[in-house]
Amino acid sequence: MASPAFQHYPSPQGHSQTDSAFKVLGVRVNAVQIPDVVAQMESWISERNGCHFIAVTGMHGVTEAQHDPGFKQILNSADLVVPDGMPLVWLARRHGHPLARRVYGPELMQTFCRSTASKYRHFFYGGLPDVPSRLAEVMEGKFAIKVAGSYSPPFQTLSREENEDILANIQASEPDVLWVGLSTPKQERWMYEHRPKLRIPVVIGVGAAFDFHIGRVRQAPAWMREHGLEWLFRLRQEPRRLWRRYLIYGSEFVWNVTSELLSLRNFD
């Protein structure tokens with residue numbers, strides 16, 4: 001039965017390639033692969049020198065940043081902006097970074113949980129009621145991770161007091177990684193706004209990964225994901241929700257990138 005209440009679990013006792021980056025339409029993108037991101041996350045957890053946030057972005061996020069300079073600033077303030085989308089991988093190669101694959105959010109989550117197993121505590125924030133708790137069960141069952149808690153935020157605007165209570169509950173669960181599934185640009189705004197108040201080593205936005213991992217939404221076949229065709233699969237699944245993102249924003253992205261590559265416009 002759906003419930004937005006927090007679910008807590010008892011707490012137990014007791015630079016690399018990530019420096020390399022390129023710009024797309026004024027947005028800094030780190031030229032990394034999944035193993036680089038996993039290693040950096042583990043380093044931040046070990047060091048515990050602040051709250052670091054990772055933006056997993058692609059064409060959609062970069063295009064949103066063209067409409068909102070504030071959102072561009074948010075992306076450029078992230079500790080890592082990773083290329084979740086083949087267009088960014090292709091552009092990375094053009095800039096001299098020989099990336100083999102995209103940093104696909106659902107795969108990054110799965111790889112991190114599989115490779116670290118029970119080393120860290122995880123909190124899942126976002127999604128429809130029941131989604132984060134089901135995700136916690138799935139990831140715990142598959143990879144034996146330690147689940148600190150889960151929470152599905154309400155759709156309505158929260159008061160300042162309600163928001164502070166949510167943050168306090170997340171913090172009290174003592175996670176090492178806070179996974180945020182709110183979709184772009186909402187999740188990046190949430191991470192940026194709340195990072196100063198969180199004592200969590202890693203906060204990362206993975207969008208639809210929550211729904212994919214519990215089977216609520218079907219993923220595109222691997223061959224489509226790896227050849228820049230995931231957008232077509234998702235558009236066929238949810239045309240009413242995604243048509244603007246892929247048809248309007250997609251066309252705008254291609255036009256702007258072409259203009260930038262031909263030095264017709266400067267997006268910095």
Can you spot a residue in segment 60-69 that is touching a strand residue (DSSP E or B) at 6+ places or on another chain (Cβ under 9 Å) and closer than 29 Å to Ser46 by Cβ? yes
Quickly run through segment 139-188 and pick out the residues that are part of a loop (DSSP other than H, G, I, E, B), aliphatic (A, V, I, L, M) and buried (at least 18 other Cβ atoms within 10 Å of the Cβ). Ile145, Leu182
Cβ-Cβ below 6 Å, separation at least six or inter-chain, first residue in segment 124-151 and farther than 12 Å from His213 by Cα and modelled with pLDDT under 95, second surrounded by fewer than 17 Cβ atoms within 10 Å (Cβ to Cβ) and not aliphatic (A, V, I, L, M): which pairs? Pro129/Pro4
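I'd like the full set of residues that are open to solvent by 30 Å² or more (accessible area, probe 1.4 Å) and within 16 Å of the chain's Cα centre (by Cα), limited to segment 37-59.
If the condition is that a residue be open to solvent by 30 Å² or more (accessible area, probe 1.4 Å) and within 16 Å of the chain's Cα centre (by Cα), then Met59 is the only one that fits.
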Identity of the residue in segment 128-138, under 17 Å from Val217 (Cβ atoms) and over 19 Å from the mean Cα position of the chain (by Cα), that ends up surrounded by the fewest Cβ atoms within 10 Å (Cβ to Cβ): Pro129
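For segment 100-113, which positions are within 19 Å of the chain's Cα centre (by Cα), in a loop (DSSP other than H, G, I, E, B) and of a type outside the set (D, E, K, R)?
Scanning segment 100-113 gives Val103, Tyr104.
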Under 8 Å between Cβ atoms, at least 6 apart or on separate chains: pull out the pairs that start in segment 14-40 with a residue that is within 20 Å of Met109 (Cβ to Cβ) and modelled with pLDDT of 95 or more and end on any residue that is among the charged types (D, E, K, R) and part of a helix (DSSP H, G or I). Ile34/Glu107
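The values are calculated or read from the model by the stated rules, or taken from the named source; none is laboratory data. In this text the structure is predicted, and so the values were computed from the model without any measurement. Positions of Cβ are generated from backbone atoms using ideal geometry, with glycine treated the same way; all protein chains shown enter the neighbour counts. Surface accessibility is based on the protein's heavy atoms, side chains included, excluding ligands, DNA and RNA. Shrake-Rupley method; radii C 1.70, N 1.55, O 1.52, S 1.80 Å.
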